[in-house]
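Since the structure comes first, as structure tokens, the remarks are kept for the end.
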Amino acid sequence: MNVVNIPVAQVVSGMIVAEDVYNSGNERILSRNTMVTTKSITKLKLHAIKEIFVYIPNTLVKKQTTKPSEHITALKNSEEFKKFKKFYLGSILTLKDSFSSLTGTSSLPYDENKLLDSVEQLLKECRSSLRTFDMLQCIRDLDDQIYVHSLNVALICFSFATWLNFNAHDAEQLMLAGLLHDIGKLKLPKDIIQKPAALNKKELEHVHQHPVTGYDLVKDRKIDPRVKKAILMHHERCDGSGYPNKLSSKDISPFGKILAIADVYDAMTAKRVYRKEICPFDVVENFEKEGFQKYDAAYLLPFLEGLAQCYINASVRLSNSLVGEVVMINKNKLSRPVVKVDEQFIDLSKHKELRISSIL
């Protein structure tokens with residue numbers, strides 16, 4: 001066992017106190033070798049204790065010193081990922097060709113089958129939704145933001161379609177909507193797309209037109225009408241707060257509603273110039289808090305449940321730096337699963353002072 005000094009905000013029930021704890025009046029309020037309980041945590045807070053010493057098993061200390069991305073680092077160095085990346089980059093090139101054809105910057109004809117075939121080959125390398133999200137975690141450092149985001153959203157859409165029990169054709173068309181949803185952004189000035197700071201009002205007005213621009217680029221093409229509508233509607237929200245037309249739920253197409261969720265998920269979990277990527281469980285929590293007004297629950301719930309299930313048995317780091325394994329998902333609070341740390345089971349739905357800070 002090792003002794004670690006940690007903030008009271010990170011103390012959880014079950015920890016063992018390593019040194020006597022005294023308040024400002026030199027009164028002992030917790031004794032060495034006692035187990036922390038919810039009652040004792042409250043006592044610490046009432047006495048304004050900021051930090052205490054606790055015992056941490058050697059195995060956990062060892063895990064704490066490993067690199068946060070050990071699993072991802074290992075995957076990046078694997079032959080499996082190298083093969084996936086090869087196909088991924090191939091799909092990006094095919095997507096660029098498709099965008100060039102649709103925007104008129106190339107004389108090459110738009111070849112939908114070639115585009116879909118390249119992504120389906122990529123999906124074969126993933127084999128499962130869990131592997132898809134694992135691979136996307138590894139691929140985050142690539143440039144070509146619009147193309148990478150579009151391909152990521154397409155892969156997410158395919159997993160989403162699986163969770164919704166779509167047939168093969170509908171899943172393929174939803175994936176196509178993911179591939180093409182941001183094509184209108186290619187018509188935006190590069191200084192707006194690449195701007196690291198917040199956009200001003202005029203710049204936002206430009207950005208808010210990209211769904212219309214994208215729709216105009218595909219409306220006369222032989223493309224599934226559901227895909228065309230999704231391109232136009234992927235920034236609409238069920239409460240009428242979206243753009244470009246501030247549609248309400250009844251006027252937004254099913255593909256548009258599904259694509260909106262996949263688009264936001266990838267955007268939130270991606271690295272940005274102005275912030276690091278956000279942990280998937282934080283994104284799930286954000287959807288739980290704010291999503292049911294903006295997104296259709298008929299699609300949001302299956303997405304969050306499917307996503308949470310992907311991380312069963314995943315190694316995670318908690319906000320108090322301890323490393324554990326996700327062992328059970330809480331149906332009523334998907335963002336706060338049960339995590340096994342050494343021999344202790346921590347139900348994050350009850351320990352609200354803790355959260356999952358990263359997937360390892």
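The values are calculated or read from the model by the stated rules, or taken from the named source; none is laboratory data. In this text the structure is predicted, and so the values were computed from the model without any measurement. Ideal geometry is used to build each Cβ from the backbone, glycine not excepted, and the neighbour counts take in all protein chains shown.
Table for the structure above
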item	result
From the options MET175, MET135, residue that is at pLDDT below 85 and not in a loop (DSSP other than H, G, I, E, B)	MET135
Evaluation of LYS350 against (1) part of a loop (DSSP other than H, G, I, E, B); (2) touching a residue at least 12 places away in the same chain (Cβ under 8 Å); (3) among the basic types (Lys, Arg) (one fails), failing number	(2)
Pairs with Cβ under 8 Å, 6+ apart, first in region 172-191 and among the hydrophobic types (A, V, I, L, M, F, W, C), second outside any helix (DSSP H, G or I)	LEU174/PHE166; LEU176/ILE223; LEU176/ASP224; ALA177/HIS234; LEU180/ILE223
Scan of region 14-50 for residues that are under 35 Å from the mean Cα position of the chain (by Cα) and either part of a loop (DSSP other than H, G, I, E, B) or over 28 Å from LYS340 (Cβ atoms) (or both), ordered by number	GLY14, MET15, VAL36, THR37, LYS50
In region 189-210, residue nearest to the chain's Cα centre (by Cα) [restricted to those that are in a helix (DSSP H, G or I) and more than 15 Å from HIS235 (Cβ to Cβ)]	ILE193
The lone exception for SER150 - which of (1) modelled with pLDDT under 95; (2) under 21 Å from VAL264 (Cα atoms); (3) hydroxyl-bearing (Ser, Thr, Tyr) it fails	(1)
Failed item, numbered, when ASP239 is tested on (1) buried (at least 19 other Cβ atoms within 10 Å of the Cβ); (2) at pLDDT 95 or above	(1)
Hey, ALA168 surrounded by fewer than 18 Cβ atoms within 10 Å (Cβ to Cβ), over 19 Å from VAL119 (Cα atoms) and among the aliphatic types (A, V, I, L, M) or not	no
Residue in region 142-160 that is nearest to THR105 (Cα to Cα), counting only those that are without any contact (Cβ under 8 Å) to a residue 40 or more places away in the chain and surrounded by 18 or more Cβ atoms within 10 Å (Cβ to Cβ)	ALA154
Test result for GLN293, touching a residue at least 60 places away in the same chain (Cβ under 8 Å), polar (S, T, N, Q) and not assigned by TED's automatic domain parsing to the domain that holds TYR147	no
Subset of region 326-341 (residues that are of a type outside the set (A, V, I, L, M) and either in contact with a Ser or Thr (Cβ under 6 Å, 6 or more places away or on another chain) or buried (at least 17 other Cβ atoms within 10 Å of the Cβ) (or both))	ASN330, LYS333, SER335, ARG336, PRO337
